[in-house]
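Written below as structure tokens is the structure these notes are about.
The values are calculated or read from the model by the stated rules, or taken from the named source; none is laboratory data. A quick note: this is a predicted structure, and the numbers were derived from the prediction, not measured. We place every Cβ from the backbone using ideal geometry, glycine too, and count neighbours over all the protein chains shown.
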Amino acid sequence: MAASVAGLDRMARLTCFFVSVFCFFSSHVAADDGLISNGDFETPPPNGFPSGGLGEPETSEIPGWQSNGTIELVSSGQKQGGMILIVPQGSHAARLGNDAEINQDIKLEKGSTYSVTFSAARTCAQLESINISVPPATQSVDLQTLYSVQGWDSYAWAFVAQSEDSKLVFRNPGMEDDPTCGPIIDDIAIKKLFTPDKPKDNVVVNGDFEEGPWMFRNESLGVLLPTNLDEESSPLPGWIIESNRAVRYIDSTHFAVPQGKRAIELLSGKEGIISQMVETTPERSYMLAFSMGQANDSCLKPLAVMAFAADQARGIHYTPTGNMTHMDANLTFTAKAERTRVAFYSVYYNTRSDDLSSLCGPVVDDVRVWSTSGAGYRLAGASAVMWMIWVVLMGL
């Protein structure tokens, strides 16, 4: 009896140990991905939220952040002259004045790829932009184009961590006559990215777009992916955004998605291109197949996708039947090299029917490329084996 009690006691201790380990790793993972410290600017400063602006703040006046230059904590509904300042989410956000900077120390895994998601809105300057960096990596995001009538958009940027102790920096490079003009930022989150393995019989990496930047559950506008020509540090692993306009990363919670939980909505016609270099064998025939559809965001038709593979191109119009929200499309090509460019853009410049201003377009998902020559070789080989077996049997 005593041995049984002792055994149960050991079992209980082991259970507690494994539960503790599980909780530790679960909390660690949760801390890595998602909203950074006071990334929504809803934590009040020591003296409470200001009624006006912070002017020239001390580095401790915005909890979790250090700052240089004119930084304002703005509130939802706050006015500047005859203009109401836009707060993307919640009640508060940060506005960066002329050459102003806000930064936060972050812990990273050296050599890993991370994406940063943030929301941004313009104020009184027409050519506003924002520089985002985790030195030495940096990128300037143009805020001139408004993709929605909400007055703000969410963006994602990615980088490869060069050290464990890093600094996330947002800076307004503008110099306006009014020093308080400048972009408003809000809802800043980070996510460690992984490059998915290529599935069997498909040379496309992340063709289902399931791996990508952080998306908040209330991200009803999706996340814009601006120009990024570096495959190694793309917010959409495996893919690059070639053009000077963004494409939109969407989810199945707020949009119609052909399969899975994520997809890409192509915006701005030829100015919104995604592409990938896939591994191929020269002179071998291949099939490019993908799903295309509508995001169910009131996008005006016609919707069409231009698909490219090697030296082949095909424009495909969205023509579903019945109640279908997507359709399958394909393109055959012969590889000319060991790497072949596969690319997509929207044929038209589409806007939404409910406001005639918000940019939208066709949705692309489930991209696959496989060798049709390889299938033929395998079939021919199998046939040859069967023929030899038949000859041998006949000889017997």
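At a glance:
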item: Residue within segment 312-328 that is assigned by the TED database to the domain that holds Gly222, among the charged types (D, E, K, R) and free of Cβ contacts under 8 Å to residues at least 24 places away in the same chain present; result: yes
item: Strands (runs of 3 or more DSSP E) contained entirely in segment 264-319, each with at least 1 residues that are of a type in the set (S, T, N, Q) and touching an Asp or Glu at 6+ places or on another chain (Cβ under 7 Å); result: 274-279, 285-293
item: So Asn206, is it polar (S, T, N, Q) and touching a strand residue (DSSP E or B) at 6+ places or on another chain (Cβ under 8 Å); result: no
item: Segment 319-333, subset modelled with pLDDT of 95 or more and out of contact with any Lys or Arg (no Cβ under 7 Å at 6 or more places or on another chain), residue surrounded by the most Cβ atoms within 10 Å (Cβ to Cβ); result: Phe333
item: Hey, Asp99 in the same structural domain as Met175 (by the TED database) and either assigned to a strand (DSSP E or B) or of a type outside the set (D, E, K, R) (or both) or not; result: no
item: Residue in segment 232-241 that is surrounded by fewer than 18 Cβ atoms within 10 Å (Cβ to Cβ), out of contact with any helix residue (DSSP H, G or I) (no Cβ under 7 Å at 6 or more places or on another chain), under 29 Å from Lys110 (Cβ atoms) and modelled with pLDDT under 95 present; result: yes
item: Segment 169-187 - residue that is of a type in the set (D, E, K, R) and at pLDDT below 90 and, of those, farthest from Ala120 (Cα to Cα); result: Asp177
item: Residue count for segment 237-263, restricted to those that are assigned to a loop (DSSP other than H, G, I, E, B) and either outside the structural domain of Val364 (by the TED database) or within 20 Å of Phe159 (Cα to Cα) (or both); result: 8
item: Residue count for segment 268-287, restricted to those that are at pLDDT 95 or above and either under 15 Å from Asp208 (Cβ atoms) or under 19 Å from the mean Cα position of the chain (by Cα) (or both); result: 6
item: Residue satisfying condition, being modelled with pLDDT under 90 and either of a type outside the set (Ser, Thr, Tyr) or in contact with a helix residue (DSSP H, G or I) (Cβ under 8 Å, 6 or more places away or on another chain) (or both), within set Gly376, Gly361; result: Gly376
